[in-house]
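The values are calculated or read from the model by the stated rules, or taken from the named source; none is laboratory data. It should be emphasised that the depicted structure is a prediction, and the values quoted were computed from it without experimental measurement. Here the Cβ is made from the backbone with ideal geometry for all residues, glycine too, and neighbour counts use every protein chain on show.
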Amino acid sequence: MVGIGGKGGGVGQLLAAVAATLLLRLFSGPGPELLSENEVDENDEINGDEDIDMVTGKVSPVIIKWTNINCSLSDKSSNIVRFLLKNVNGEAKPGRLLAIMGPSGSGKTTLLNVLAGQTTASPRLHLSGILEVNGLSISNKTYKSAYVRQEDLFFSQLTVRETLSLAAELQLRDISSVEDRDKYVDNLLFKLGLVSCADSRVGDAKVRGISGGERKRLSVACELIASPSVIFADEPTTGLDAFQAEKVMETLRQLAQDGHTVICSIHQPRGSVYAKFDDIVLLSKGELVYSGPAGREPLAYFENLGYRCPDHENPAEFLADLISVDYSSSESVYASQKRIDGLVDAFSQQQSPILYASLLKEGTTHGVKIRRKPVNRKKVGWWRQFCLLLKRAWMQASRDGPTNKVRARMSVASAIIFGSVFWRMGKSQTSIQDRMGLLQVAAINTAMAALTKTVGVFPKERSIVDRERAKGSYTLGPYLLSKLLAEVPIGAAFPLLFGSILYPMARLHPTLPKFGNFCAIVTVESFSASAMGLTVGAMVPTTEAAMALGPSLMTVFIVFGGYYVNAENTPIIFRWIPRGSLIRWAFQGLCINEFRGLKFDHQNSFDIQSGEQALERLSFGQSNIRDTMAAQSRILLFWYYVTYFLMKKNKPKYQQLLPPPATAPVILHELEPLGNDPPNTYQQSSPPDQGNPTQQIEKPPAEPLNLFELEGSDIQELPVQ
Ligand SMILES: Nc1ncnc2c1ncn2[C@@H]1O[C@H](COP(=O)(O)OP(=O)(O)O)[C@@H](O)[C@H]1O
Ligand SMILES: [Mg+2]
């Protein structure tokens, strides 16, 4: 590697080493088939039963049973424990659609995450219970599952068919022929009712694409590619109109009928949607109010307890009202709270409350065999991943008309503005300062344009990539490399446009090679700024945070960009900043390119006579363009490497499900008939917001985990059965 003009040697060598490591990693890193154990764990979601026929979609039946699921959040400072789930039991069977119903904040998503094994790990969270799959402990996950999240994320410029085809190509190595894969995708499109919009772009907030319902069904389709036995869907109908919601639920019901075990959470379905459920789980404030068959059975159950559903009322609405706290007045809060407590007790007495690990059997149950050892699915090779991702990145970058138009307009506008301000600079003494000023603003403008564009889109793309990596679709190396390459032609177009307007307007050094150098320097700088934008996007969770952090970080590099503070006057502790500043290297390169060989008009002996003298004043005299380009490339690779490292490190970690404690309490409340007058002594100043995580929760009267101190007198300890 080329040294950086003597001064930047230390940092230059460090950057060179990092860059070389990155290149080695990216190019010669083992393909997915050769990954070490550590690297394979990135893809541990893809363990699966290979008996599933990819083409016909035959599904291995999976029964999931959960017992005594408790999930609590502890606050160490105030010693308060808040239960998100309390003694929840239930069962989901193949061929049946199970709906988890409950008001907002009742713990539906929490339960779904526990069942899917995707509760985000936190030291404050405590998770315990028994989760069995086909009668075996869940610890060795041996079935394929799909999780359709509440938020649908896609590459907006791809069509529905392209999205599915690419996902299929990345995930299904078993289907090698193009015809088979097309047939598979066509089947999926047909199955999910997406044929009519197959060739429409998915779209996003900027470009209108397919409808909300179609997006949700596309999410389900993408998840179905891996032929999962179990499908989890978190509020698949939220945000959809009644018609679309019904179509999505019909799709899920159809999938259940095809043999999948389907578990979804739903807030308040309409009657026709409720009729599609085979089983329901009713949750209120994390406690079970009912779990069992849907249809008339829950109505009959609650009628027995004295709560009758009026004849023409939607059963789902009746159930939702029954298990929701009414915050209209303090009396109604008290009455509804008491009713719910009574219903929770009534249900807990119905079922055997404690089932323990002794029930877990080795081998098979329910007549369904499952594999004990996780099997790693065969994955698509490194090179194939790279080609597919390159194709996708290119489609996304080249088709994004609105973004590209805005970038082009901004490049033209800023070139015209700067060109007008620095119109036809001559060779006078004052033009020296003008030239430096112009080259500095050109460097800043190019960097800022590339940075803001990247931080604006990358955090969202990262979420998609994180999800796809969790599925084991591909690894980071091919992804980042394909992204870099795909964006070269489009990313280069804007700095070139900017340069070709500005250069003649300002009458910079008028030779063709100098013009070529100018364009090359701003182009490489633009990629470097983009790479820095990737790092910022990988560092923070949201676009807003990235938008705040990116420009602030860039400001530091602008200050040390070579124009405001001379590199030689920079305090020692800040010397490293200009050496890592992409603005400084661009500015230095542009100055060398512009000033070398230029003669200025002069009258006095102390006037600057040549460009070389001007460069000496900036301390750029010893350097050349090649060195600055090499330094810029190293900075680019450095940011790519940091992005790679951050994305690799930020893999989501999931909370372990611990076995339940030896004893568990049952809290008994008095069952309160609907409409009972609350006692006058009850006071509640303001109704608690169920969804507010900062809300102060009273210490739970019971402690099923024996981990925290107990308070309350109405606890019965039940013996282990
Ligand atoms: N990791 C967590 N940290 C703090 N609070 C949480 C966490 N997960 C869930 N909660 C809280 O648990 C309650 C239930 O959340 P959730 O399962 O998302 O409800 P639902 O999906 O039924 O609307 C909410 O009050 C939520 O704020
Ligand atoms: Mg939720």
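Details
- Verdict on Gly107 being within 15 Å of ligand 1 (Cβ to nearest atom), touching a Gly at 6+ places or on another chain (Cβ under 8 Å) and in contact (Cβ under 8 Å) with a residue 12 or more places away in the chain: yes
- Residues that are surrounded by fewer than 19 Cβ atoms within 10 Å (Cβ to Cβ) and part of a loop (DSSP other than H, G, I, E, B) were ranked within the stretch 229-252; the one that is nearest to ligand 2 (Cβ to nearest atom) is Thr238.
- Listed by position, the helices (runs of 4 or more DSSP H) inside the stretch 499-598 whose residues that are among the β-branched types (Val, Ile, Thr) number at least 3 are 512-539, 543-559.
- Residue check, Ala529 surrounded by 18 or more Cβ atoms within 10 Å (Cβ to Cβ), in contact with a Leu (Cβ under 9 Å, 6 or more places away or on another chain) and not polar (S, T, N, Q): yes
- Test: residue in the stretch 211-219 that is more than 16 Å from ligand 1 (Cβ to nearest atom) and surrounded by fewer than 20 Cβ atoms within 10 Å (Cβ to Cβ): yes
- Enumeration of residues in the stretch 614-663 that are among the charged types (D, E, K, R) and in a loop (DSSP other than H, G, I, E, B): Lys651, Lys653
- In the stretch 449-507, residue surrounded by the most Cβ atoms within 10 Å (Cβ to Cβ) [restricted to those that are aromatic (Phe, Trp, Tyr) and in contact with a Ser or Thr (Cβ under 9 Å, 6 or more places away or on another chain)]: Phe498
- Taken as a whole, the condition of being in the same structural domain as Glu594 (by TED's automatic domain parsing), part of a loop (DSSP other than H, G, I, E, B) and either more than 28 Å from the chain's Cα centre (by Cα) or more than 18 Å from Arg409 (Cα to Cα) (or both) applies to Ser428.
- Residue within the stretch 99-107 that is β-branched (Val, Ile, Thr), surrounded by 18 or more Cβ atoms within 10 Å (Cβ to Cβ) and closer than 19 Å to Ala320 by Cα present: yes
- Residue match in the stretch 585-595 (condition: under 30 Å from Phe645 (Cβ atoms), assigned by TED's automatic domain parsing to the domain that holds Pro459 and not hydrophobic (A, V, I, L, M, F, W, C)): yes
- Test: residue in the stretch 566-584 that is assigned by TED's automatic domain parsing to the domain that holds Gly499, buried (at least 21 other Cβ atoms within 10 Å of the Cβ) and of a type in the set (S, T, N, Q): yes
- There is at least one residue in the stretch 267-281 that is away from ligand 1 (no atom under 16 Å from the Cβ) and polar (S, T, N, Q).
- Across the stretch 475-529, the qualifying residues are those that are more than 21 Å from Phe557 (Cβ to Cβ) and of a type in the set (Val, Ile, Thr), and the one among them that is nearest to the chain's Cα centre (by Cα) is Thr475.
- Pair list, Cβ < 6 Å and 6+ apart or interchain, from the stretch 431-457 residues that are polar (S, T, N, Q) to residues that are not in a helix (DSSP H, G or I): Ser431/Met425; Gln440/Tyr563
- The set of residues in the stretch 399-417 being aliphatic (A, V, I, L, M) and touching a residue at least 24 places away in the same chain (Cβ under 8 Å) consists of Ala408, Met410, Val412, Ala415, Ile416.
- Here is the figure for the stretch 256-288: residues that are aliphatic (A, V, I, L, M) and either touching an Asp or Glu at 6+ places or on another chain (Cβ under 8 Å) or free of Cβ contacts under 8 Å to residues at least 60 places away in the same chain (or both) total 4.
- Flag if Arg82 is surrounded by fewer than 19 Cβ atoms within 10 Å (Cβ to Cβ) and within 16 Å of ligand 2 (Cβ to nearest atom): no
- Cross-chain or 6+ apart pairs with Cβ under 8 Å, the stretch 230-242 first and not assigned by TED's automatic domain parsing to the domain that holds Ala146, then more than 13 Å from ligand 1 (Cβ to nearest atom) and modelled with pLDDT of 90 or more: none
Per-residue answers, yes or no, for (1) surrounded by fewer than 21 Cβ atoms within 10 Å (Cβ to Cβ); (2) within 16 Å of ligand 1 (Cβ to nearest atom):
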site: Leu111; (1), (2): no, yes
site: Gln118; (1), (2): yes, yes
site: Ser122; (1), (2): yes, yes
site: Leu127; (1), (2): no, yes
site: Gly135; (1), (2): yes, no
site: Tyr147; (1), (2): no, yes
site: Leu153; (1), (2): yes, no
